[in-house]
1. Tally up the residues in segment B:227-258 that are among the β-branched types (Val, Ile, Thr), within 10 Å of chain A (Cβ to nearest Cβ) and touching a residue at least 24 places away in the same chain (Cβ under 8 Å), please.
2. Which of (1) of a type in the set (Gly, Ala, Ser); (2) more than 19 Å from residue B:63 (Cα to Cα); (3) not assigned by TED's automatic domain parsing to the domain that holds residue B:174 is the odd one out, the single condition residue B:88 does not satisfy?
3. Please work out which residue is farthest from residue A:99 (Cα to Cα), limiting yourself to segment A:188-209 and to residues that are of a type in the set (S, T, N, Q) and surrounded by fewer than 23 Cβ atoms within 10 Å (Cβ to Cβ).
4. Within segment A:44-72, track down each residue that is under 9 Å from the mean Cα position of the chain (by Cα) and aliphatic (A, V, I, L, M).
5. Can you find a residue that is in contact (Cβ under 8 Å) with a residue 24 or more places away in the chain, under 20 Å from residue B:218 (Cα atoms) and among the small types (Gly, Ala, Ser) anywhere in segment B:1-9?
6. Give just the number: which of (1) closer than 28 Å to residue B:268 by Cα; (2) in contact (Cβ under 8 Å) with a residue 60 or more places away in the chain; (3) not aromatic (Phe, Trp, Tyr) does residue A:265 not satisfy?
7. Give B:205, B:290 a once-over and let me know the one that is away from chain A (no Cβ under 11 Å), closer than 30 Å to residue B:165 by Cα and either under 19 Å from the mean Cα position of the chain (by Cα) or at pLDDT 85 or above (or both).
8. Need at least 1 residues that are within 30 Å of residue B:49 (Cβ to Cβ) per element, so show me which strands (runs of 3 or more DSSP E) inside segment A:158-243 make the cut, counting only ones lying wholly within it.
Amino acid sequence: MSDQKVLLKVNELKQYFPIKGGIFGRTVNHVKAVDDVSFEIFEGETLSIVGESGCGKSTTGRAILRLDEPTAGEVEFDNTNILELDKKEMNKFRKDMQIIFQDPYASINPRHTVRQILTEAMEIQNAVPKKERNDRVKELMDTVGLGPHQADRYPHEFSGGQRQRIGIARALSVNPRLIIADEAVSALDVSIQAQVINLLKKLQREFKLTYLFISHDLGVVRHISDRIIVMYLGKIVEIADKNSLFTNNMHPYTKALLSAIPSTDVEKKKERIMLKGDVPSPIDPPEGCRFHTRCPFATDLCRTKVPELRNTEGMKDGHRAACHHMEAIRSGEHQAQVHA
Amino acid sequence: MTGAPDTSYDNILEIKNLQTSFFTKDLEVKAVDGVSFSIPKGKVLGVVGESGSGKSITSLSILRLIEEPGKVKGGEILFKGENLLNKSEAQMRKIRGNEISMIFQEPMTSLNPTFTVGQQIGESFRIHQGLSKKEAKKKSVDMLKLVGIPSPEKRVDQYPFELSGGMRQRVMIAIALACNPDLLIADEPTTALDVTIQAQILDLMKDLQKKLDMGILLITHDLGVVAETCDYVAVMYCGKVVEFTDKKTLFTEPKHPYTVGLMESIPQYDQDVEGDLAVIKGSVPSPADMPKGCRFAPRCPFATDLCRNKLPDLETDEDGNQIRCWIYSDEWDGDPEVNVYERSESTS
């Protein structure tokens with residue numbers, strides 16, 4: 001890992017959304033969507049963020065691109081802290097960082113033809129000379145598996161899978177280095193989803209792209225990622241290379257999340273860790289470890305002290321988890337508490 | 001409930017050659033095109049398929065909820081041995097929510113935001129069982145307890161916006177089960193939920209299904225959900241059932257190239273895939289431009305001229321499993337040694 005170049009470094013990122021209330025519209029509280037998150041993305045890798053709704057995975061992606069201005073922290077892209085840049089300087093960096101959204105129906109302008117959609121970013125960034133833009137459109141469409149003859153059609157003339165290909169082509173149009181894919185395949189039918197995943201992998205090989213892949217689908221994540229971050233209520237609970245995360249996971253939440261996925265293996269009965277209740281509100285997250293309200297292993301320590309992300313014996317380099325009791329849970333010393 | 005149980009039928013629901021179409025000015029779209037299947041008493045049937053396969057329209061047809069410009073054109077829907085298509089609207093209203101209930105995908109939009117949870121559950125007690133407001137509320141609290149909502153006495157007076165997504169889906173289940181239905185139709189009941197909540201809801205449904213001994217028609221696109229909950233599975237493609245088997249056969253020996261393709265294209269969280277995912281090439285054909293022969297032929301790696309020109313029938317083998325594919329018939333004109341598990345191509 002150490003010989004790899006860090007492309008993006010996120011340091012103590014916080015994103016608090018104010019809640020206005022009262023007759024004067026004062027800020028009465030905050031939604032702590034992302035609370036003190038740090039990680040690195042190496043050049044050419046796919047780093048995934050997984051977690052349930054409200055865990056802050058999409059907010060993290062948006063904060064990195066400053067689509068929502070983060071509350072605090074640093075985001076270093078290629079050694080420049082982009083949160084300090086003014087709008088004009090930031091726009092230059094936007095060429096290097098692109099995003100693909102979940103809903104291909106909502107994220108492309110229905111009144112523009114594919115050609116207009118694809119050339120817009122080239123124009124703004126002046127990434128491609130005017131004369132070459134039409135050729136570039138053809139090339140892009142070909143790259144993502146659409147016919148160049150479809151360039152003058154409108155989005156409604158395409159199926160969902162094709163529209164997502166347009167979204168991908170748009171992201172590629174300015175030759176980015178980092179692509180943030182926010183649930184980019186979640187809205188697609190499985191047979192189409194597989195096509196788009198294969199396309200994303202092919203593009204990564206061809207253009208040496210770096211992906212930040214945000215998803216709730218652990219099957220897709222296992223297939224596409226090099227490393228994986230698991231988030232819960234605005235915090236990272238575990239970060240690991242793919243293999244460690246699926247075979248040597250340490251955090252009780254990661255274990256519960258994996259065990260909750262319905263398996264198509266009808267012959268193997270699997271042990272399920274059933275979590276009680278719902279995710280608490282991020283407005284007043286629980287004290288201590290945020291998972292303690294649902295964790296079968298929680299003790300008084302968990303209710304009072306926030307666990308650090310740390311590596312311990314038997315964990316690979318770079319694999320870290322935030323649980324006070326992970327050693328004792330693994331050795332079997334600390335058993336799940338039986339609730340009444 | 002209607003008097004002594006009628007035991008003259010084996011299947012709680014039997015659908016025969018159901019045809020539902022939508023009509024535009026100059027076009028008939030056959031959304032459900034000759035679908036047949038049955039659900040034995042107290043069993044769970046899963047219907048799987050991608051968008052546009054007709055699975056949701058099938059379920060709406062059963063409850064006779066198809067609206068203009070759609071129409072159930074033909075076939076039979078035998079519920080407890082009686083054809084629902086011959087019932088009057090008044091008779092149907094007595095069946096809906098009482099003997100057959102339905103859970104929809106979006107708990108957010110299928111609950112009424114202006115009524116409390118208790119009023120919405122109590123509605124079916126009052127309509128179908130003629131209970132008073134007070135009695136209905138008491139029973140609503142019992143239902144909330146049954147579906148595992150904490151402090152039901154408090155929740156019963158709350159509005160849907162005060163509940164989380166998982167709790168709303170529990171309320172939907174409570175409404176659906178209020179009158180002890182014999183058949184529950186669940187259309188993607190957990191698709192909008194997170195996996196840890198999905199696990200809770202599926203567990204609850206399985207548990208209640210055993211307790212109440214009802215039949216369930218579970219519509220989903222998620223094969224994992226099918227594997228965990230169903231007894232039988234029908235795979236649909238373009239308005240037709242292409243394969244119908246018990247669950248174990250489907251997951252251990254799928255036969256239809258579409259079923260096999262579907263399974264291979266899903267990345268699993270519990271195993272690694274080397275290289276690219278297997279894909280089903282192309283996309284679902286437009287309903288206005290259906291292939292003449294087998295609906296799947298344009299995307300099938302094994303298709304021959306026979307497949308492209310003639311629609312195969314749904315054939316039943318000696319184990320009662322059904323398959324709609326020429327490969328398994330005597331007329332098959334392709335490679336006699338064809339192996340549907342060996343995919344010749346992988347395109348992206």
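1. Quick first cut of segment B:227-258, residues among the β-branched types (Val, Ile, Thr) only: B:229, B:233, B:235, B:241-242, B:245, B:249, B:252.
Now narrow it down to the ones that are within 10 Å of chain A (Cβ to nearest Cβ): B:229, B:249, B:252.
When the remaining residues are screened for being touching a residue at least 24 places away in the same chain (Cβ under 8 Å), the result is B:229, B:249.
Looking only at that region, the number is 2.
2. (2)
3. So the first thing to find is which residues in segment A:188-209 are of a type in the set (S, T, N, Q), and the list is A:191, A:193, A:195, A:198, A:204.
With the extra rule that they be surrounded by fewer than 23 Cβ atoms within 10 Å (Cβ to Cβ), the set shrinks to A:198, A:204.
Values: A:198: 18, A:204: 14 Å.
The extreme case among them is A:198.
4. A:47, A:49, A:50
5. Within segment B:1-9, none of the residues are in contact (Cβ under 8 Å) with a residue 24 or more places away in the chain, under 20 Å from residue B:218 (Cα atoms) and among the small types (Gly, Ala, Ser).
6. Failed condition: (2).
7. Working: B:290 fails: closer than 30 Å to residue B:165 by Cα.
Every option except B:205 fails the conditions.
8. Details: elements: A:178-182, A:210-215, A:227-232, A:235-241.
In segment A:158-243, the matching strands (runs of 3 or more DSSP E) lie at A:178-182, A:210-215.
The values are calculated or read from the model by the stated rules, or taken from the named source; none is laboratory data. Computed from a predicted structure; not experimentally measured. Glycine also receives a Cβ, built like all others from the backbone with ideal geometry; neighbour counts cover every protein chain displayed.
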